[in-house]
Structure formats: C-alpha cells, structure tokens
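The values are calculated or read from the model by the stated rules, or taken from the named source; none is laboratory data. All of these numbers come straight from a predicted model, not from anything done at the bench. Don't worry about glycine lacking a Cβ; one is built from the backbone with ideal geometry, like all the others, and counts go over all protein chains shown.
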Amino acid sequence: MNAPETIAPAAVKTGKIMLVGLGPGSNDHLTARARAAIAEADTIIGYVTYIRLVADLVEGKEVIKKSMTEELDRAIESLDRARQGKKVALISSGDAGVYGMAGPTFEVLFQAGWTPDSDIEVEIIPGASALNTCAALVGAPLTHDFCAISLSDLLTPWPTIARRLDAVAYADFVVALYNPKSGRRTQQIVEAQRIFLRHRDPQTPVAIVKSGYRPKQRIQLTTLDKMAEADIGMLSTVLIGNSNTFIKHGLMVTPRGYANKYAVEDGERNTHDGEQAGRSLSTGLNGWMAAIQASGRNAAELAAEYRLPEDYIAAVLQAEVPSEGEENEIEG
Ligand SMILES: C[S@@+](CC[C@H](N)C(=O)[O-])C[C@H]1O[C@@H](n2cnc3c(N)ncnc32)[C@H](O)[C@@H]1O
C-alpha cells in the first residue's frame with residue numbers, strides 16, 4: 001500500500017468524499033440524505049456486504065467492493081477518485097463515525113496534507129448506529145448513562161479492552177458491546193462476561209440483537225450469567241443493563257431516574273418532600289454528605305467504593321456549594 005501524494009490547497013472544490021452511514025441495513029432506516037448522497041455519487045466504495053444493502057441504488061455507478069480488512073485501502077481509493085474530480089460515497093453500516101470509515105479516512109487525508117481548505121470536500125452523513133437501532137428493537141435500555149465497547153482485538157490490545165470493560169462494569173454503565181464474537185474470536189465475550197460478573201448481579205438483563213432490521217433478525221433476552229451461551233455472531237450487538245435495568249412484558253427498560261424525585265400514584269405525579277421540578281436533587285453537589293449520612297461510612301471508605309481519590313471527596317465536602325440559579329431545566 002503506497003502513501004498517497006500530497007494534496008495542494010485550492011479555492012475551487014473539485015472532488016468530494018461523502019462518508020455515508022447506512023443505518024442498520026433496511027431501506028426504511030436509510031436517511032433521505034444518505035440516499036441522496038448515494039444518488040449524487042459517481043463512485044461507491046465499501047465492504048461487499050454494505051454494498052449489497054444498497055444494491056438497488058448503485059446501478060450505473062462505479063462500484064469498488066473491498067473486503068473487511070481493507071479499510072485503509074478503501075480510504076486511499078476514495079482519495080484517489082476524489083483527486084480525479086469524482087464524487088465518492090464511502091459507505092459504512094450504522095454511522096460512519098462509530099467503528100466505521102470516518103476515522104481511517106481522516107487519518108489518510110491528514111497524512112496526505114489535506115485540510116478543510118483543500119480542493120476535496122468531505123461530508124459526513126450520519127446514520128443510526130447499531131446501539132440505537134438494537135435498543136429500539138428491545139425497548140428502552142439506553143435511557144440512562146451508557147457507553148459502547150468493541151470486543152475486537154484486531155487493532156486494539158486486549159488489556160486495553162479489558163481495562164475499559166472493568167471500568168464501565170464497575171461504574172454501572174449500560175453497555176453496548178460491538179463486534180462481540182466472530183468465527184475466530186470466540187473467547188472475548190466469555191472474558192467480558194467474567195469481568196462483568198465481578199461487579200454486576202448475575203441476573204442483570206442482557207439483550208442480544210443479531211442482524212437487526214435485516215431479514216435474519218434475531219432477538220434474545222437473557223441474563224449476564226447466561227450471556228456467553230447465547231447465539232452471538234459478527235452481526236450481533238450485546239446490550240448489558242445497569243443495576244436498575246429490568247425486563248417487563250418482553251421489553252428491556254433502564255429507568256431515567258424519575259423515581260428519585262417523584263412518585264406516580266393513581267395516575268398523579270407527586271414530588272417527594274424537599275424536591276423541586278427542574279432543579280438538581282436536593283442533595284445536589286452535597287450528595288457526598290448525604291451518602292456519608294445514609295451509609296454511616298467515612299470519606300475514605302466512600303472514596304474506595306467510588307474509586308475516586310479521597311482528597312477529591314474531602315475537597316468537595318469542604319467547598320462552599322453555590323446556590324442554584326433561578327432557571328429551571330428540562331429533566332431529561
Ligand atoms: C465494524 S462495527 C460497525 C458499526 C457501525 N458503524 C454502526 O455504527 O453500527 C460492526 C458491528 O456493528 C454491530 N452491528 C452492525 N449492524 C448491526 C445490525 N444490523 N444488528 C446488530 N448489530 C449490528 C455488530 O456489533 C457488528 O459486529
């Protein structure tokens with residue numbers, strides 16, 4: 001693979017690279033802008049499976065199919081065609097910026113000396129990522145803090161992945177696991193389960209969505225202790241709930257936290273004593289003091305539990321907490 005030649009700055013844009021996110025892979029979930037970008041393009045570049053997803057839109061265009069491992073080649077090829085004045089649609093499933101082609105493309109462009117003022121225009125066209133689409137198929141699992149971790153160790157060393165898994169399992173995030181398993185990588189999901197079980201209840205709800213919004217779609221609801229036994233493959237996303245996530249009537253839901261402030265009884269919403277709509281919880285930044293009072297533990301013990309430096313907690317406890325402004329916030 002040869003390094004691309006340097007790009008000269010130019011006032012007039014000639015070629016264009018469009019980083020197109022296709023969404024999950026069904027026509028209904030392809031955005032209007034993504035469809036228009038593909039229509040506008042002279043050249044379509046992408047992984048064979050993704051090109052198949054938009055086969056009916058690419059007729060009459062130059063189509064360059066690349067294999068899974070040729071990501072940098074796809075980016076270099078795009079730059080090459082854009083330099084010839086072509087409009088290139090470089091397609092990714094989901095969103096091009098989420099484990100997709102956007103990062104590698106900018107790396108190749110920067111290496112070639114490209115800047116936003118150069119003669120090649122770059123447009124990123126967002127698509128719904130697997131975590132959004134898979135969540136929509138199983139209920140509302142991402143309604144509180146969440147993160148995504150890829151279990152692929154093809155480019156990231158396993159110790160880095162393991163450290164991130166441990167940190168988020170401990171910190172009680174809802175987690176979307178991308179690239180959980182492939183024909184060759186079968187043990188990463190077992191290791192992820194082992195790390196999670198060190199911090200989470202074995203009964204923590206887990207949803208596994210395989211080929212979401214595609215003809216072979218399969219949805220499994222299970223628990224953390226059984227997660228690794230489920231049918232998981234290259235086209236699966238695994239959603240692990242937090243300590244409040246529950247499954248009801250076949251739907252996985254993570255509460256937003258309204259129960260901390262309100263009680264809903266007989267269809268009426270009542271605010272708990274001392275709480276106010278649109279304002280921080282009454283404990284506010286003094287939550288540490290409330291936690292000490294509620295648990296009977298001291299700052300050092302809380303520091304160990306929350307994995308925070310003891311001097312941080314001590315400093316917050318000593319600080320004068322400014323009163324909140326007048327403006328109410330939307331609780332969301
Ligand atoms: C290289 S990543 C690409 C992610 C993509 N850019 C996105 O934003 O969704 C491939 C992984 O995305 C997830 N994925 C992509 N499409 C999916 C689908 N239709 N159903 C379930 N998971 C999917 C799987 O975890 C798969 O291993």
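The figures follow:
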read-out: Helices (runs of 4 or more DSSP H) within the stretch 70-158 that include 2 or more residues touching a residue at least 40 places away in the same chain (Cβ under 8 Å) and touching a Gly at 6+ places or on another chain (Cβ under 7 Å); value: 71-83, 130-138
read-out: Residue within the stretch 164-174 that is among the small types (G, A, S), crowded, with 19+ Cβ neighbours inside 10 Å and out of contact with any His (no Cβ under 7 Å at 6 or more places or on another chain) present; value: no
read-out: Condition check for C147: surrounded by fewer than 17 Cβ atoms within 10 Å (Cβ to Cβ), under 13 Å from the mean Cα position of the chain (by Cα) and at pLDDT 95 or above; value: yes
read-out: Matching residues in the stretch 167-203 - criterion: being touching a residue at least 24 places away in the same chain (Cβ under 8 Å), on the phi < 0 side of the Ramachandran plot and polar (S, T, N, Q); value: S182, Q188, Q193
read-out: Hits in the stretch 80-97 (condition: within 16 Å of the ligand (Cβ to nearest atom) and closer than 14 Å to A41 by Cα); value: A89, L90, I91
read-out: Residue tally, condition away from the ligand (no atom under 15 Å from the Cβ) and closer than 29 Å to I149 by Cβ, over the stretch 66-79; value: 3
read-out: Boolean, G100 is within 11 Å of the ligand (Cβ to nearest atom) and modelled with pLDDT under 95; value: yes
read-out: Long-range neighbours under 6 Å by Cβ, at least six apart or interchain, first residue touching a residue at least 60 places away in the same chain (Cβ under 8 Å) and of a type in the set (K, R) within the stretch 204-217, second within 9 Å of the ligand (Cβ to nearest atom) and part of a loop (DSSP other than H, G, I, E, B); value: R214/G25
read-out: Test: residue in the stretch 213-226 that is crowded, with 17+ Cβ neighbours inside 10 Å, near the ligand (Cβ under 9 Å from one of its atoms) and either within 19 Å of the chain's Cα centre (by Cα) or polar (S, T, N, Q) (or both); value: yes
read-out: Residue satisfying condition, being polar (S, T, N, Q) and either farther than 18 Å from M252 by Cβ or not assigned by TED's automatic domain parsing to the domain that holds I247 (or both), within set T160, T143; value: T160
read-out: Enumeration of residues in the stretch 174-198 that are over 20 Å from F146 (Cα atoms), within 16 Å of the ligand (Cβ to nearest atom) and among the aliphatic types (A, V, I, L, M); value: none
read-out: Filter result for the condition that a residue is more than 15 Å from A130 (Cα to Cα), in contact with a strand residue (DSSP E or B) (Cβ under 9 Å, 6 or more places away or on another chain) and at pLDDT 95 or above, over G250, G212, G233; value: G250
read-out: Scope the stretch 265-279; condition under 18 Å from A290 (Cβ atoms), loosely packed, with under 11 Cβ neighbours inside 10 Å and at pLDDT 80 or above; matching residues; value: none
read-out: Among the candidates T31, T43, T49, residue that is surrounded by 22 or more Cβ atoms within 10 Å (Cβ to Cβ) and polar (S, T, N, Q); value: T43
read-out: Residue satisfying condition, being surrounded by 21 or more Cβ atoms within 10 Å (Cβ to Cβ), at pLDDT 95 or above and out of contact with any Ser or Thr (no Cβ under 6 Å at 6 or more places or on another chain), within set L90, L131; value: L131
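Conditions (1) assigned to a helix (DSSP H, G or I); (2) of a type in the set (K, R); (3) within 27 Å of T49 (Cα to Cα), marked per residue:
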{"site": "P202", "(1), (2), (3)": "no, no, no"}
{"site": "I208", "(1), (2), (3)": "no, no, yes"}
{"site": "R214", "(1), (2), (3)": "no, yes, yes"}
{"site": "I219", "(1), (2), (3)": "no, no, yes"}
{"site": "D225", "(1), (2), (3)": "yes, no, no"}
{"site": "M234", "(1), (2), (3)": "no, no, yes"}
{"site": "V238", "(1), (2), (3)": "no, no, yes"}
{"site": "I247", "(1), (2), (3)": "no, no, no"}
